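Notes to accompany the following structure.
The values are calculated or read from the model by the stated rules, or taken from the named source; none is laboratory data. The structure presented is a predicted model; accordingly, all values stated were derived computationally and were not measured. Note that each Cβ is placed from the backbone with ideal geometry, even for glycine, and that neighbours are counted across all protein chains shown.
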Amino acid sequence: MTFDDVRGAVRGAVLVPGDEGFDAAARPWNVTVSQPVAAVVTAADAADVAAVVAYAASAGVPVVAQPTGHGAAGGIEDAILLRTGALNRVEIDPERRIAKVGAGANWGAVQAAAGAHGLTGLAGSNPVVGVTGYTLGGGLSWFGRKYGWASDAVHAFEIVDATGAQARVTAASDPELFWALRGGGGDFAVVTGLELELFPAPGLYGGRVMWPGTRTADVFELFQELTASAPEELSVWFHRFQFPDAPPMVALDIAYLGDPAVGRALSAPLDAIGGAIADKRGELPIAALGDITAEPIDPSPSLSRGELLTDLGDAVVKTVLEGPVAPLVNIQIRHLGGALAESRPDGGARGPVTEPYLLYLLGLGLPHLTDAVKARRRAIVDAVSGHISGKKPYTFLTPEETAAAAFDAPTLDRLQAIKRARDPRTVVRANYPVL
(Lines give C-alpha, C1' and ligand atoms only; values in the text may rest on other atoms or scores of the structure.)
Protein backbone atom coordinates (compact mmCIF):
# COMPACT_ATOMS: atom_id res chain seq x y z
CA MET A 1 0.00 0.00 0.00
CA THR A 2 1.03 3.60 -0.53
CA PHE A 3 -0.33 6.86 0.79
CA ASP A 4 -2.16 7.13 -2.52
CA ASP A 5 -4.59 4.64 -0.99
CA VAL A 6 -5.24 7.11 1.82
CA ARG A 7 -5.77 9.97 -0.66
CA GLY A 8 -8.46 7.93 -2.36
CA ALA A 9 -10.19 7.14 0.92
CA VAL A 10 -10.44 10.57 2.60
CA ARG A 11 -11.88 13.98 1.78
CA GLY A 12 -9.13 15.83 3.63
CA ALA A 13 -5.62 16.66 2.42
CA VAL A 14 -2.80 14.11 2.50
CA LEU A 15 0.77 15.44 2.46
CA VAL A 16 4.09 13.58 2.41
CA PRO A 17 7.66 14.90 2.67
CA GLY A 18 8.45 17.05 -0.34
CA ASP A 19 4.86 18.20 -0.86
CA GLU A 20 4.20 21.91 -0.67
CA GLY A 21 2.92 22.76 2.80
CA PHE A 22 4.15 19.53 4.42
CA ASP A 23 6.59 21.18 6.82
CA ALA A 24 3.99 23.65 8.07
CA ALA A 25 1.37 20.92 8.44
CA ALA A 26 3.74 18.73 10.47
CA ARG A 27 4.93 21.53 12.77
CA PRO A 28 3.54 21.38 16.34
CA TRP A 29 2.57 24.38 18.45
CA ASN A 30 5.86 24.10 20.36
CA VAL A 31 8.28 24.57 17.50
CA THR A 32 11.24 23.20 19.48
CA VAL A 33 9.75 19.73 18.89
CA SER A 34 10.65 18.07 15.59
CA GLN A 35 8.01 15.99 13.77
CA PRO A 36 9.45 14.64 10.48
CA VAL A 37 6.53 12.21 10.12
CA ALA A 38 5.79 9.85 7.25
CA ALA A 39 2.63 11.75 6.25
CA VAL A 40 0.17 14.37 7.48
CA VAL A 41 -3.54 13.83 6.96
CA THR A 42 -5.97 16.66 7.69
CA ALA A 43 -9.23 14.89 8.45
CA ALA A 44 -12.41 16.47 7.16
CA ASP A 45 -14.67 14.41 9.42
CA ALA A 46 -14.87 11.30 11.58
CA ALA A 47 -15.14 9.09 8.50
CA ASP A 48 -11.73 10.35 7.39
CA VAL A 49 -10.32 9.48 10.80
CA ALA A 50 -11.73 5.97 10.54
CA ALA A 51 -10.29 5.52 7.05
CA VAL A 52 -6.82 6.65 8.15
CA VAL A 53 -6.76 4.37 11.19
CA ALA A 54 -8.01 1.42 9.15
CA TYR A 55 -5.24 2.05 6.61
CA ALA A 56 -2.64 2.35 9.36
CA ALA A 57 -3.79 -0.90 10.97
CA SER A 58 -3.43 -2.78 7.69
CA ALA A 59 -0.11 -1.17 6.74
CA GLY A 60 1.54 -1.40 10.15
CA VAL A 61 1.98 2.37 10.46
CA PRO A 62 1.20 4.16 13.73
CA VAL A 63 -1.20 7.12 13.88
CA VAL A 64 -0.69 10.18 16.10
CA ALA A 65 -3.70 12.49 16.42
CA GLN A 66 -3.02 16.18 17.08
CA PRO A 67 -5.55 18.99 16.68
CA THR A 68 -2.95 21.65 17.55
CA GLY A 69 0.18 19.88 18.76
CA HIS A 70 0.32 21.65 22.13
CA GLY A 71 1.40 18.40 23.77
CA ALA A 72 3.77 17.19 21.06
CA ALA A 73 6.77 15.22 22.31
CA GLY A 74 8.54 14.08 19.13
CA GLY A 75 9.74 10.57 18.38
CA ILE A 76 7.06 9.92 15.75
CA GLU A 77 9.18 9.83 12.59
CA ASP A 78 7.47 6.70 11.24
CA ALA A 79 3.90 7.82 11.96
CA ILE A 80 0.95 9.31 10.15
CA LEU A 81 0.21 12.63 11.84
CA LEU A 82 -3.56 13.02 11.90
CA ARG A 83 -4.73 16.61 12.17
CA THR A 84 -8.27 16.78 13.57
CA GLY A 85 -8.60 20.55 13.83
CA ALA A 86 -11.40 20.66 11.25
CA LEU A 87 -13.64 18.62 13.58
CA ASN A 88 -14.40 21.76 15.57
CA ARG A 89 -18.13 21.74 16.21
CA VAL A 90 -19.36 23.17 19.52
CA GLU A 91 -22.98 22.59 20.58
CA ILE A 92 -24.36 23.67 23.95
CA ASP A 93 -27.38 22.10 25.63
CA PRO A 94 -28.03 24.65 28.38
CA GLU A 95 -30.87 22.69 29.96
CA ARG A 96 -28.76 19.58 30.48
CA ARG A 97 -25.57 21.63 30.98
CA ILE A 98 -23.74 19.64 28.31
CA ALA A 99 -21.28 20.69 25.62
CA LYS A 100 -20.88 18.47 22.57
CA VAL A 101 -17.55 19.27 20.96
CA GLY A 102 -15.52 17.90 18.10
CA ALA A 103 -11.93 16.77 18.46
CA GLY A 104 -10.65 20.00 16.96
CA ALA A 105 -12.54 22.46 19.17
CA ASN A 106 -10.47 24.72 21.40
CA TRP A 107 -11.35 26.06 24.81
CA GLY A 108 -11.88 29.60 23.59
CA ALA A 109 -14.75 28.45 21.38
CA VAL A 110 -16.30 26.33 24.13
CA GLN A 111 -16.07 29.10 26.70
CA ALA A 112 -17.63 31.64 24.34
CA ALA A 113 -20.54 29.32 23.60
CA ALA A 114 -21.04 28.17 27.20
CA GLY A 115 -20.66 31.65 28.66
CA ALA A 116 -23.61 32.87 26.60
CA HIS A 117 -25.77 30.59 28.78
CA GLY A 118 -24.17 31.45 32.12
CA LEU A 119 -22.11 28.25 32.06
CA THR A 120 -18.45 27.28 31.93
CA GLY A 121 -16.30 24.32 31.04
CA LEU A 122 -13.24 23.35 33.05
CA ALA A 123 -10.89 25.34 30.84
CA GLY A 124 -7.24 26.09 31.38
CA SER A 125 -5.35 29.32 30.92
CA ASN A 126 -4.90 29.41 27.12
CA PRO A 127 -7.95 29.68 24.83
CA VAL A 128 -6.26 28.10 21.80
CA VAL A 129 -5.45 24.84 23.59
CA GLY A 130 -7.53 21.98 22.19
CA VAL A 131 -10.22 20.52 24.41
CA THR A 132 -9.45 16.92 23.45
CA GLY A 133 -5.76 16.54 24.25
CA TYR A 134 -6.11 18.66 27.38
CA THR A 135 -9.01 16.54 28.64
CA LEU A 136 -7.50 13.17 27.72
CA GLY A 137 -4.51 14.15 29.88
CA GLY A 138 -6.66 15.20 32.84
CA GLY A 139 -6.99 18.93 32.23
CA LEU A 140 -5.94 21.32 35.00
CA SER A 141 -8.47 24.14 35.05
CA TRP A 142 -8.71 27.50 36.75
CA PHE A 143 -11.88 26.00 38.24
CA GLY A 144 -10.41 22.61 39.15
CA ARG A 145 -10.24 23.44 42.85
CA LYS A 146 -14.02 23.69 42.78
CA TYR A 147 -15.00 21.01 40.26
CA GLY A 148 -11.99 18.72 39.81
CA TRP A 149 -10.23 17.52 36.68
CA ALA A 150 -11.67 18.26 33.24
CA SER A 151 -11.43 14.54 32.42
CA ASP A 152 -13.91 13.72 35.16
CA ALA A 153 -16.47 16.03 33.53
CA VAL A 154 -16.67 13.86 30.39
CA HIS A 155 -19.96 12.02 29.87
CA ALA A 156 -19.11 10.33 26.57
CA PHE A 157 -16.40 9.97 23.93
CA GLU A 158 -16.84 9.46 20.21
CA ILE A 159 -13.88 7.37 19.09
CA VAL A 160 -12.24 5.43 16.33
CA ASP A 161 -10.64 2.30 17.76
CA ALA A 162 -7.37 0.71 16.65
CA THR A 163 -9.14 -1.28 13.90
CA GLY A 164 -10.77 1.79 12.36
CA ALA A 165 -14.23 1.15 13.83
CA GLN A 166 -16.24 4.08 15.16
CA ALA A 167 -17.90 3.81 18.56
CA ARG A 168 -19.46 5.83 21.35
CA VAL A 169 -17.87 5.16 24.74
CA THR A 170 -19.61 5.81 28.07
CA ALA A 171 -19.34 4.46 31.59
CA ALA A 172 -22.16 2.05 30.75
CA SER A 173 -21.05 0.93 27.29
CA ASP A 174 -17.35 0.32 27.93
CA PRO A 175 -16.29 1.11 31.52
CA GLU A 176 -12.62 0.11 31.15
CA LEU A 177 -11.98 2.22 28.05
CA PHE A 178 -14.03 5.08 29.48
CA TRP A 179 -11.89 5.02 32.61
CA ALA A 180 -8.64 5.03 30.59
CA LEU A 181 -9.70 7.90 28.33
CA ARG A 182 -10.59 10.07 31.32
CA GLY A 183 -7.08 11.23 32.10
CA GLY A 184 -4.94 8.35 30.84
CA GLY A 185 -3.82 10.13 27.68
CA GLY A 186 -4.61 9.49 24.04
CA ASP A 187 -3.03 6.04 23.68
CA PHE A 188 -6.18 3.93 23.48
CA ALA A 189 -8.23 5.29 20.58
CA VAL A 190 -8.51 8.36 18.38
CA VAL A 191 -11.14 10.65 19.87
CA THR A 192 -13.36 12.45 17.36
CA GLY A 193 -15.75 14.09 19.82
CA LEU A 194 -16.65 14.51 23.49
CA GLU A 195 -19.67 15.31 25.63
CA LEU A 196 -18.65 17.45 28.59
CA GLU A 197 -20.47 18.55 31.70
CA LEU A 198 -20.75 22.32 32.09
CA PHE A 199 -20.96 24.17 35.39
CA PRO A 200 -22.78 27.29 36.62
CA ALA A 201 -20.89 30.52 36.08
CA PRO A 202 -22.69 33.21 38.08
CA GLY A 203 -19.75 35.51 37.48
CA LEU A 204 -15.98 35.67 37.05
CA TYR A 205 -13.57 38.05 38.73
CA GLY A 206 -9.92 37.82 37.85
CA GLY A 207 -6.77 39.29 36.45
CA ARG A 208 -3.09 39.88 37.05
CA VAL A 209 -1.39 42.33 39.37
CA MET A 210 2.30 42.93 38.67
CA TRP A 211 4.97 44.61 40.80
CA PRO A 212 8.71 45.32 40.45
CA GLY A 213 10.92 42.38 41.38
CA THR A 214 11.93 44.19 44.55
CA ARG A 215 8.53 43.26 46.02
CA THR A 216 9.01 39.51 45.47
CA ALA A 217 9.22 38.60 49.16
CA ASP A 218 6.08 40.58 50.02
CA VAL A 219 4.13 39.08 47.13
CA PHE A 220 5.17 35.53 47.94
CA GLU A 221 4.23 35.98 51.58
CA LEU A 222 0.79 37.18 50.50
CA PHE A 223 0.49 34.23 48.11
CA GLN A 224 1.09 31.89 51.04
CA GLU A 225 -1.50 33.68 53.15
CA LEU A 226 -4.15 33.70 50.42
CA THR A 227 -3.73 30.05 49.51
CA ALA A 228 -3.80 28.93 53.15
CA SER A 229 -7.46 29.93 53.40
CA ALA A 230 -8.71 30.30 49.83
CA PRO A 231 -12.23 29.01 49.10
CA GLU A 232 -12.43 26.40 46.36
CA GLU A 233 -13.88 28.95 43.94
CA LEU A 234 -10.62 30.95 44.09
CA SER A 235 -7.39 30.01 42.30
CA VAL A 236 -4.18 31.99 42.79
CA TRP A 237 -0.93 31.69 40.84
CA PHE A 238 2.43 33.24 41.74
CA HIS A 239 4.95 34.33 39.07
CA ARG A 240 8.46 35.64 38.91
CA PHE A 241 9.07 37.04 35.43
CA GLN A 242 12.26 37.88 33.59
CA PHE A 243 11.25 39.04 30.14
CA PRO A 244 14.01 39.84 27.61
CA ASP A 245 15.31 43.42 27.95
CA ALA A 246 13.06 44.11 30.94
CA PRO A 247 13.66 44.38 34.69
CA PRO A 248 12.60 41.51 37.00
CA MET A 249 8.92 41.49 37.89
CA VAL A 250 6.64 39.55 40.22
CA ALA A 251 2.92 38.92 39.83
CA LEU A 252 -0.16 37.22 41.19
CA ASP A 253 -2.94 35.90 38.95
CA ILE A 254 -6.37 35.30 40.43
CA ALA A 255 -9.57 33.72 39.14
CA TYR A 256 -12.72 33.62 41.24
CA LEU A 257 -15.78 31.79 39.91
CA GLY A 258 -18.80 33.38 41.54
CA ASP A 259 -20.13 36.77 42.57
CA PRO A 260 -17.56 39.32 41.34
CA ALA A 261 -18.06 41.36 44.52
CA VAL A 262 -16.86 38.40 46.56
CA GLY A 263 -13.89 37.92 44.26
CA ARG A 264 -13.01 41.58 44.59
CA ALA A 265 -13.14 41.34 48.38
CA LEU A 266 -10.99 38.18 48.43
CA SER A 267 -8.32 39.90 46.35
CA ALA A 268 -8.37 43.11 48.37
CA PRO A 269 -5.18 42.17 50.30
CA LEU A 270 -3.25 42.69 47.06
CA ASP A 271 -3.92 46.41 47.42
CA ALA A 272 -1.74 46.52 50.53
CA ILE A 273 1.39 45.87 48.44
CA GLY A 274 2.19 49.25 46.99
CA GLY A 275 3.94 50.16 43.77
CA ALA A 276 2.05 47.90 41.37
CA ILE A 277 3.20 48.26 37.77
CA ALA A 278 -0.10 46.97 36.40
CA ASP A 279 -3.42 45.85 37.85
CA LYS A 280 -5.72 44.00 35.44
CA ARG A 281 -8.25 42.74 38.00
CA GLY A 282 -11.89 43.08 37.15
CA GLU A 283 -15.14 41.38 36.27
CA LEU A 284 -14.69 39.23 33.18
CA PRO A 285 -17.02 37.34 30.85
CA ILE A 286 -16.37 33.60 30.83
CA ALA A 287 -15.23 33.91 27.22
CA ALA A 288 -12.35 36.14 28.40
CA LEU A 289 -10.88 33.62 30.84
CA GLY A 290 -7.69 33.52 28.77
CA ASP A 291 -7.14 37.24 29.31
CA ILE A 292 -5.95 36.58 32.87
CA THR A 293 -2.57 35.26 31.78
CA ALA A 294 -2.63 36.46 28.14
CA GLU A 295 -0.38 33.58 27.08
CA PRO A 296 0.93 33.36 23.49
CA ILE A 297 -1.64 32.03 21.07
CA ASP A 298 0.74 31.53 18.13
CA PRO A 299 3.30 28.71 17.80
CA SER A 300 6.47 29.50 19.70
CA PRO A 301 9.67 27.85 20.99
CA SER A 302 9.47 26.89 24.64
CA LEU A 303 11.20 24.67 27.15
CA SER A 304 9.15 23.94 30.25
CA ARG A 305 9.07 21.67 33.26
CA GLY A 306 6.40 20.96 35.85
CA GLU A 307 6.79 19.46 39.31
CA LEU A 308 4.25 18.82 42.06
CA LEU A 309 5.27 20.40 45.36
CA THR A 310 4.46 18.64 48.62
CA ASP A 311 4.78 21.92 50.55
CA LEU A 312 6.33 25.39 50.46
CA GLY A 313 9.23 24.52 52.75
CA ASP A 314 12.32 26.59 53.39
CA ALA A 315 14.18 25.27 50.35
CA VAL A 316 11.26 26.20 48.09
CA VAL A 317 10.99 29.68 49.57
CA LYS A 318 14.75 30.25 49.31
CA THR A 319 14.87 29.08 45.71
CA VAL A 320 11.84 31.08 44.64
CA LEU A 321 12.84 34.29 46.40
CA GLU A 322 16.61 34.39 46.09
CA GLY A 323 17.71 32.64 42.93
CA PRO A 324 17.71 34.38 39.56
CA VAL A 325 14.95 33.70 37.07
CA ALA A 326 17.14 34.14 33.97
CA PRO A 327 17.73 32.47 31.63
CA LEU A 328 14.15 31.31 32.27
CA VAL A 329 11.24 33.64 31.53
CA ASN A 330 9.00 32.50 34.36
CA ILE A 331 9.09 30.68 37.68
CA GLN A 332 5.48 29.95 38.53
CA ILE A 333 3.68 28.28 41.44
CA ARG A 334 0.01 27.31 41.12
CA HIS A 335 -2.23 26.58 44.06
CA LEU A 336 -4.00 23.21 43.73
CA GLY A 337 -6.00 21.35 46.38
CA GLY A 338 -9.75 21.39 46.76
CA ALA A 339 -11.62 19.02 44.45
CA LEU A 340 -8.39 18.17 42.60
CA ALA A 341 -7.25 16.26 45.67
CA GLU A 342 -10.51 14.35 46.19
CA SER A 343 -10.81 10.69 45.30
CA ARG A 344 -13.92 9.99 43.22
CA PRO A 345 -15.39 6.49 43.00
CA ASP A 346 -16.57 7.28 39.46
CA GLY A 347 -13.35 9.09 38.48
CA GLY A 348 -11.06 8.30 35.61
CA ALA A 349 -7.41 7.37 35.29
CA ARG A 350 -6.21 10.81 36.31
CA GLY A 351 -7.14 10.25 39.94
CA PRO A 352 -6.60 12.74 42.75
CA VAL A 353 -3.48 14.88 43.14
CA THR A 354 -2.88 15.51 46.81
CA GLU A 355 0.12 17.80 46.41
CA PRO A 356 -1.01 21.36 47.21
CA TYR A 357 1.11 23.25 44.68
CA LEU A 358 2.53 22.93 41.17
CA LEU A 359 5.90 24.40 40.24
CA TYR A 360 6.14 25.38 36.56
CA LEU A 361 9.33 26.60 34.90
CA LEU A 362 9.37 28.17 31.44
CA GLY A 363 12.15 29.33 29.16
CA LEU A 364 12.56 30.17 25.48
CA GLY A 365 13.71 27.26 23.36
CA LEU A 366 16.01 29.34 21.18
CA PRO A 367 19.24 27.68 20.01
CA HIS A 368 21.56 30.06 21.85
CA LEU A 369 19.57 29.68 25.10
CA THR A 370 18.66 25.99 25.15
CA ASP A 371 21.60 24.65 27.18
CA ALA A 372 21.37 27.44 29.75
CA VAL A 373 17.59 27.09 30.12
CA LYS A 374 17.87 23.34 30.67
CA ALA A 375 20.65 23.85 33.21
CA ARG A 376 18.63 26.44 35.14
CA ARG A 377 15.56 24.19 35.18
CA ARG A 378 17.66 21.35 36.52
CA ALA A 379 19.27 23.54 39.19
CA ILE A 380 15.89 24.72 40.49
CA VAL A 381 14.45 21.20 40.60
CA ASP A 382 17.55 19.93 42.36
CA ALA A 383 17.30 22.74 44.92
CA VAL A 384 13.71 21.81 45.85
CA SER A 385 14.13 18.05 45.43
CA GLY A 386 13.09 17.37 49.01
CA HIS A 387 9.74 19.05 48.38
CA ILE A 388 8.63 17.44 45.09
CA SER A 389 6.71 14.19 44.83
CA GLY A 390 8.16 12.95 41.55
CA LYS A 391 4.74 12.62 39.89
CA LYS A 392 3.12 15.27 37.73
CA PRO A 393 0.02 15.92 35.63
CA TYR A 394 0.13 14.21 32.23
CA THR A 395 -0.28 17.50 30.37
CA PHE A 396 2.84 18.87 32.09
CA LEU A 397 5.11 16.12 30.79
CA THR A 398 8.05 17.22 28.61
CA PRO A 399 9.78 15.38 25.75
CA GLU A 400 12.47 14.13 28.12
CA GLU A 401 9.86 12.32 30.24
CA THR A 402 7.51 9.36 29.89
CA ALA A 403 3.92 8.62 30.91
CA ALA A 404 5.26 6.75 33.95
CA ALA A 405 5.89 10.14 35.60
CA ALA A 406 2.18 10.92 35.53
CA PHE A 407 0.72 7.83 37.22
CA ASP A 408 1.21 5.65 40.26
CA ALA A 409 2.23 2.04 39.61
CA PRO A 410 -1.24 0.42 39.87
CA THR A 411 -2.77 3.01 37.52
CA LEU A 412 0.04 2.62 35.00
CA ASP A 413 -0.28 -1.17 35.12
CA ARG A 414 -4.00 -0.95 34.46
CA LEU A 415 -3.51 1.51 31.58
CA GLN A 416 -0.86 -0.74 30.04
CA ALA A 417 -3.14 -3.76 30.27
CA ILE A 418 -5.93 -1.85 28.52
CA LYS A 419 -3.50 -0.73 25.81
CA ARG A 420 -2.33 -4.29 25.17
CA ALA A 421 -5.90 -5.56 25.01
CA ARG A 422 -7.32 -2.80 22.82
CA ASP A 423 -4.35 -2.00 20.58
CA PRO A 424 -1.86 -4.89 20.63
CA ARG A 425 -0.15 -3.69 17.42
CA THR A 426 0.24 -0.10 18.73
CA VAL A 427 -1.64 1.49 15.86
CA VAL A 428 -2.69 4.51 17.95
CA ARG A 429 0.21 6.38 19.52
CA ALA A 430 -0.16 9.14 22.09
CA ASN A 431 2.33 11.96 22.53
CA TYR A 432 3.34 10.11 25.71
CA PRO A 433 2.56 6.39 25.23
CA VAL A 434 1.83 4.25 28.26
CA LEU A 435 3.96 1.42 26.82
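Key figures for this structure:
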read-out	value
Residue that is farthest from TYR256 (Cα to Cα), among those in the stretch 125-148 that are aliphatic (A, V, I, L, M) and buried (at least 19 other Cβ atoms within 10 Å of the Cβ)	LEU136
Long-range neighbours under 8 Å by Cβ, at least six apart or interchain, first residue surrounded by fewer than 18 Cβ atoms within 10 Å (Cβ to Cβ) within the stretch 149-178, second of a type in the set (S, T, N, Q)	HIS155/THR170; GLN166/THR192; ALA167/SER173
Checking LEU358 against (1) at pLDDT below 95; (2) within 25 Å of LEU204 (Cα to Cα); (3) crowded, with 21+ Cβ neighbours inside 10 Å, the condition it does not meet	(1)
Residue in the stretch 90-98 that is touching a helix residue (DSSP H, G or I) at 6+ places or on another chain (Cβ under 8 Å), over 19 Å from ALA287 (Cβ atoms), surrounded by fewer than 24 Cβ atoms within 10 Å (Cβ to Cβ) and not assigned by TED's automatic domain parsing to the domain that holds PRO301 present	no
Matching residues in the stretch 238-266 - criterion: being buried (at least 21 other Cβ atoms within 10 Å of the Cβ) and either of a type outside the set (A, V, I, L, M) or assigned to a loop (DSSP other than H, G, I, E, B) (or both)	PHE238, HIS239, ARG240, ASP253, TYR256, GLY263
Residue match in the stretch 9-19 (condition: at pLDDT 95 or above, closer than 28 Å to ALA403 by Cα and part of a loop (DSSP other than H, G, I, E, B))	no
Top-ranked residue in the stretch 56-74 [being outside any loop (DSSP other than H, G, I, E, B) and touching a residue at least 60 places away in the same chain (Cβ under 8 Å); ranked as nearest to GLY138 (Cα to Cα)]	ALA65
One residue from THR84, THR42 being among the β-branched types (Val, Ile, Thr) and within 24 Å of LEU397 (Cβ to Cβ)	THR84
Top-ranked residue in the stretch 276-292 [being over 15 Å from SER125 (Cα atoms) and aliphatic (A, V, I, L, M); ranked as nearest to the chain's Cα centre (by Cα)]	ALA278
Selected residue (only one of LEU81, LEU87 is in contact with a strand residue (DSSP E or B) (Cβ under 9 Å, 6 or more places away or on another chain), surrounded by 21 or more Cβ atoms within 10 Å (Cβ to Cβ) and part of a strand (DSSP E or B))	LEU81
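Results for (1) part of a loop (DSSP other than H, G, I, E, B); (2) surrounded by fewer than 20 Cβ atoms within 10 Å (Cβ to Cβ); (3) over 24 Å from the mean Cα position of the chain (by Cα), shown as yes or no for each residue.
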residue: ALA294; (1), (2), (3): yes, yes, no
residue: LEU303; (1), (2), (3): no, no, no
residue: LEU308; (1), (2), (3): no, no, no
residue: LEU321; (1), (2), (3): no, yes, yes
residue: ILE331; (1), (2), (3): no, no, no
residue: LEU340; (1), (2), (3): no, no, no
residue: ARG344; (1), (2), (3): yes, yes, no
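Results for (1) closer than 26 Å to ALA294 by Cβ; (2) more than 14 Å from the chain's Cα centre (by Cα); (3) not aromatic (Phe, Trp, Tyr), shown as yes or no for each residue.
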position: ILE92; (1), (2), (3): yes, yes, yes
position: ARG96; (1), (2), (3): no, yes, yes
position: GLY102; (1), (2), (3): no, yes, yes
position: GLY118; (1), (2), (3): yes, yes, yes
position: TYR134; (1), (2), (3): yes, no, no
position: TRP142; (1), (2), (3): yes, no, no
position: TRP149; (1), (2), (3): yes, no, no
position: HIS155; (1), (2), (3): no, yes, yes
